[in-house]
Amino acid sequence: MLRDVTISRAIIESYFHDLLSNLELDVAIVGAGPSGMVAAYYLAKGGAKVAIFEKKLSIGGGIWGGAMGFNKIVVQEDAREILDEFGIRYEEFEKGYYVADAIEVASTIASKTVKAGVKIFNMIEVEDLVVKDGKVSGIVINWTPVHMTGLHVDPLTVESKFVVDSTGHGAQVTQYLLKRGLIKNIPGEGPMWADQGEKLTVENTKEVFPGLYVTGMAANAVSGAPRMGPIFGGMFLSGRKAAKEILSKLKV
Ligand code: 48H
């Protein structure tokens, strides 16, 4: 006979084992959108200990709805090799424009990222940063429902050598540094210009404060670069660039 309490014990023990073993990380990624998951995938493949903290119940960020709910995304030539790396199918619409199914993109990236060794914690919001001696050295986490209900409940802390702000349009994690006066300004993203937006997303993927990287739309918001609409190559390339740079710093 199945015992209800054994089911509960299995979940509690397994979950808290994962939480305890991810309290000290090489890299804590905030946000399980395309740029955050791709960064985590390449970091894990490179041997880093990495976890993603996602405030929503679902992972995938802005991938699922494609554009206006038409669940297709476009990827340009430069990023096609990342679709290939993940084994995501696509069709060439015109030379240099590849179209993929948003559901396949989100689910495949998520699956490969988890299987590469990344632990994804959903329903956990990063509500602040740990900053010591002028360097970001961890994240401050709380249950998303605590934030939603406005309950006064203190958070917990995760230590990490690097934090990646992959929170999308709001650059929510970098905002915590702005609020504390540790960085000067976050201009926010500019109006739509796909070509420039894509190039600048990758260019602006960088360490914006010691220990803190920005990827994807957060990189655009922090640098005031244009948005680009439903083309996702820049998000993938941004995640891969952050992973590459962080891996080389971890090795040093
Ligand atoms: C935990 C958090 C927190 C927090 C937010 O928006 P995303 O998909 O982010 P990107 O940058 O990887 O991809 C952007 C892309 O989806 C997009 O919006 C594009 C290309 N837009 C172009 C345009 O012109 O509009 O994912 C960010 C994730 C989400 O899942 C959030 O829930 C999560 O971050 N998040 N998680 N703690 N404080 N803040």
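The values are calculated or read from the model by the stated rules, or taken from the named source; none is laboratory data. Worth saying up front: this structure is predicted, and the values here are computed from it rather than measured. Heads up, the Cβs are rebuilt from the backbone with ideal geometry, glycines too, and the neighbour counts pull from every protein chain shown.
List of remarks:
- The residue that is farthest from LEU57 (Cα to Cα), counting only those in region 107-142 that are in contact (Cβ under 8 Å) with a residue 60 or more places away in the chain and of a type in the set (Gly, Ala, Ser), is GLY134.
- Residue satisfying all of: in region 1-46; touching an Asp or Glu at 6+ places or on another chain (Cβ under 7 Å) and outside any strand (DSSP E or B); farthest from VAL173 (Cα to Cα) among these: LEU23
- Of the residues making up region 11-21, those that are over 14 Å from VAL114 (Cα atoms) and either surrounded by 11 or more Cβ atoms within 10 Å (Cβ to Cβ) or in contact (Cβ under 8 Å) with a residue 24 or more places away in the chain (or both) are TYR15, LEU19, SER21.
- Region 224-252 residues that are within 12 Å of the ligand (Cβ to nearest atom) and assigned to a helix (DSSP H, G or I), paired with ones that are at pLDDT 95 or above and among the acidic types (Asp, Glu) (beta carbon under 6 Å, 6 or more apart): GLY233/ASP78; GLY234/GLU198
- Just one of (1) over 27 Å from GLY65 (Cβ atoms); (2) free of Cβ contacts under 8 Å to residues at least 40 places away in the same chain; (3) assigned to a helix (DSSP H, G or I); (4) touching a Phe, Trp or Tyr at 6+ places or on another chain (Cβ under 9 Å) fails for ILE183. It is (3).
- The conditions of being among the β-branched types (Val, Ile, Thr), in contact with an Asp or Glu (Cβ under 7 Å, 6 or more places away or on another chain) and not in a loop (DSSP other than H, G, I, E, B) are met by ILE120.
- Among (1) assigned to a strand (DSSP E or B); (2) away from the ligand (no atom under 12 Å from the Cβ) - the single one VAL75 does not satisfy: (2)
- Within the option set GLU207, GLU198, being more than 22 Å from ILE59 (Cα to Cα), more than 10 Å from the ligand (Cβ to nearest atom) and either touching a residue at least 12 places away in the same chain (Cβ under 8 Å) or assigned to a loop (DSSP other than H, G, I, E, B) (or both) holds for one residue only, GLU207.
One line per residue, one yes/no per condition, for (1) more than 30 Å from ARG80 (Cβ to Cβ); (2) in contact with a Gly (Cβ under 7 Å, 6 or more places away or on another chain):
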residue	(1), (2)
SER160	yes, yes
THR167	no, yes
LEU177	yes, no
PRO187	yes, yes
ASP195	no, no
LEU200	no, no
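- Within region 53-73, the set of residues being under 18 Å from VAL105 (Cα atoms), of a type in the set (A, V, I, L, M, F, W, C) and crowded, with 19+ Cβ neighbours inside 10 Å comprises ILE59, ILE63, ILE73.
- Candidates ALA44, ALA48, ALA40: the one that is within 12 Å of the ligand (Cβ to nearest atom), closer than 24 Å to LYS249 by Cα and of a type outside the set (Lys, Arg) is ALA40.
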